[in-house]
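Chemist: My structure is below; once you've seen it, I'll send some questions.
The values are calculated or read from the model by the stated rules, or taken from the named source; none is laboratory data. Keep in mind the model is a prediction, meaning the values are calculated, not measured. Methodologically, a virtual Cβ is constructed for each residue, glycine included, from the backbone with ideal geometry; neighbour enumeration extends over all protein chains shown. Surface accessibility is based on the protein's heavy atoms, side chains included, excluding ligands, DNA and RNA. Shrake-Rupley method; radii C 1.70, N 1.55, O 1.52, S 1.80 Å.
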Amino acid sequence: MHPEASNVLILGGTAEARSLAHTLVAAGVDVESSLAGRVSNPRLPAGRVRIGGFGGVEGLVSYLQERRFTHLIDATHPFAAQMSQHAAVAADRCQQIAVLRFVRPGWADHPDAATWQWVPDLAAAAAATAQAGRRPFLTTGRQSLPSFADLPAEHILARVVDPMAPPGPAWSVVHDRGPYEVAAEIYLMQHHGVDVVVTKDSGGDYTSAKLSAAASLRIPVVVVSRPRPTLPGSVQHGGVATAHRVADVLAWLEE
Ligand code: NAP
């Protein structure tokens, strides 16, 4: 199909999704981006935008069919596992809609990856953080903070997108969003006396400056591995094709 004959729904909420929307709109593709509505002042992508959940798989199936989408691109964050699962199942149910997962590669190939402590989930991250230091820097997102509520810490620095009250007297919360620079990350970590950095394996360059900053300050890093998608058998069998580059998405649309 020629890309200009496509009607594409992008599940977004990431810098990569915005960049993809920008490229597709510039190429004349009919694009709508969907955001969950988690942050109060989201950076909006080019093209049409809708905000809010679909109401589960059923709601997404109806949305795709009623608006006659030809392509569904799941460009959500690597840790938005539920939305990715819904996308795969909904596309399986709408056989005429092609689906692609567009996701940035993780940090497993980062030069310092072997020096980090990789953990499977947030509970394990909290346990590893308690062992590694007393002044953690949490960059795992607002929704993850309850997992660290019982840390035996002197001071906890958390970075989140939207302003929020510190969860306790030992906490400092900074609100910011990437991209970040190494020098500013070093300053922030020194200013707060950070002795362990905690992150998800988000991947990409947008938020990776903290990893270089931690390496140059010789601060240990705890990394939460990406969740494995849990898909029903029928969907798992076919799988969902994955692209890491915008050029590969364009090639897929042209197929
Ligand atoms: P999630 O747990 O996978 O999804 C929970 C529910 O939120 C979904 O079932 C869906 O509701 C709704 N939803 C999620 N993404 C949506 C989208 N792009 N458009 C419309 N509805 C969406 O998601 P999450 O981890 O809370 O992440 C929410 C959003 O924030 C995602 O779009 C993601 O790209 C972005 N984000 C997430 C992280 C992270 O660490 N998880 C980091 C940065 C950005 P319904 O079932 O009602 O359709």
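Chemist: Magnitude of the Cβ-charge dipole of region 10-72, K/R +1 and D/E -1, about the Cα centre, nearest 20 debye?
Modeler: Values: 7 positive and 5 negative charges, 36 e Å.
Value, rounded to 20: 180 debye.
Chemist: Sticking with this one: Rounded if a/c is under 1.5, else prolate if a/b is larger than b/c, else oblate: which is region 2-122, with a ≥ b ≥ c the root eigenvalues of its Cα gyration tensor?
Modeler: Details: a/c = 1.81, a/b = 1.53, b/c = 1.18.
Prolate is the answer for region 2-122, as a/c is 1.5 or above and a/b outweighs b/c.
Chemist: GNM on the chain, C-alpha springs below 10 Å: top fluctuator among VAL198, VAL119, VAL223?
Modeler: Most flexible of the set in this elastic network: VAL119.
Chemist: Calculate I(q)/I(0) for the chain by the Debye formula, one identical point scatterer on each C-alpha and no solvent, and give its log10 at q = 0.07, 0.14, 0.15 Å⁻¹ to two decimals.
Modeler: After summing over all Cα pairs, the log10 values are -0.27, -0.97, -1.07.
Chemist: For region 32-111, give the percent of accessible area contributed by carbon and sulfur heavy atoms, probe 1.4 Å, rounded to a whole number. Don't skip to the answer; put the middle values down first.
Modeler: Details: 1890 of 3870 Å².
Result for region 32-111: 49 percent of the exposed heavy-atom area is carbon or sulfur.
Chemist: Right, another one. Treating only the Cβ of Lys, Arg, Asp and Glu as charged (+1, +1, -1, -1), what charge dipole size does region 68-149 show about its Cα centre? Round to the nearest 20 debye.
Modeler: On the way: 7 positive and 5 negative charges, 53 e Å.
So the dipole magnitude of region 68-149 works out to roughly 260 debye.
Chemist: Still on this structure, please answer the following. Taking only Cα atoms, what is the 0 to 90° angle, nearest 10, from helix 56-66's long axis to the longest principal axis of the chain?
Modeler: Relative to the chain, helix 56-66 is tipped by roughly 40 degrees.
Chemist: Right, something else. Rounded to whole Å and sorted largest first, list the principal axis extents of the Cα atoms in region 47-103.
Modeler: 28, 22, 22 Å, listed from the longest principal axis down.
Chemist: Name the most mobile residue of SER212, SER144, SER225, meaning the one with the largest mean-square fluctuation, in a Gaussian network model of the chain with Cα contacts below 10 Å.
Modeler: In the Gaussian network model the winner is SER144.
Chemist: Quick one: helix 122-132 against the long Cα principal axis of the chain, what's the angle to the nearest 10°, folded into 0 to 90?
Modeler: Here the helix axis deviates by roughly 30 degrees.
Chemist: Then there is this: Would you work out what percent of the accessible area of region 180-246, with all protein chains in place, is carbon or sulfur (probe 1.4 Å)? Before the final figure, lay out the partial values.
Modeler: Working: 1840 of 3480 Å².
The value for region 180-246 is 53 percent carbon and sulfur by accessible area.
Chemist: Compute for region 34-76: radius of gyration divided by Kirkwood radius, i.e. Rg/Rh, restricted to C-alpha atoms, rounded to two decimals.
Modeler: Values: Rg = 11.2 Å, Rh = 11.7 Å.
A ratio of 0.96.
Chemist: Here is a further query. Roughly what angle does helix 15-26 make with the longest principal axis of the chain, taking Cα atoms, 0 to 90 degrees, to the nearest 10?
Modeler: For 15-26 against the chain, the angle is about 30 degrees.
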